[in-house]
Amino acid sequence: MIRGSARYSKYFTFIQPFIKSRFIRTYTPVVLTLWIIIIFILFALKPTLETIFVLQKKQSDAGQILKNLDQKIADLNLAKQNYDNLGESIKSKIQQTIPDSVTVRTIAASLEDAARTNDASISALQFQSFILEPKRDNSLENLAEIEFTFNIEGAYPNLLSTLRQLKSTNRLINISSVSFHSTEGESRNLVMSISGKAYFVK
């Protein structure tokens, strides 16, 4: 016990001059106060710093979006320039493929012509209802579609020829599904039911 007390007494004797030092006694409270102030400032500034980082991130994202929009505008301008440089015959074919107005009559004419050319009789032609909105000046043009169902009857080779002709017609037509079923009676003809879409610019 005496040895322990002597050891602590030795340490105390070594530290005591520092504790009693005028420099330590004068500046230790100041240093501790400064540390406490710094800690409180950091806690107070933390929400502000987080807000600044979030705003910088949003600004960076907005800059990237603006850059992408500028690139899209440049691409559209280049596409328009390329279109303007096309010949009139090519522009006319594009107009026939995807017209800028709803022309159900021309779609029906293309379907009926393909059937008659290949000796197939038309049993049904139906267009799905769609909403037609008037065009507005300076409005962006969008690609719209008209869905249809086309049933024709005939010999199997004639039906296949009709289908091939529809795929190569001037009017852009997308065939969604094709089905066959036999007719009633002694006739060996088949009925081909075609579901598809035609497109126009609105």
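Just so it is clear, none of the values below were taken in a lab; they were calculated from the coordinates. Bear in mind that the values here come from a model prediction, so they are computed numbers and not experimental data. Note that we place each Cβ from the backbone using ideal geometry, even for glycine, and neighbour counts take in every protein chain shown.
Of the peptides 61-71, 191-201, the ranking by mean beta-carbon count within 10 Å, highest at the top, reads 191-201, 61-71.
Extending 7 Å from the Cα toward the beta-carbon at both ASP61 and TRP35 defines two label points whose distance is 4.0 nm.
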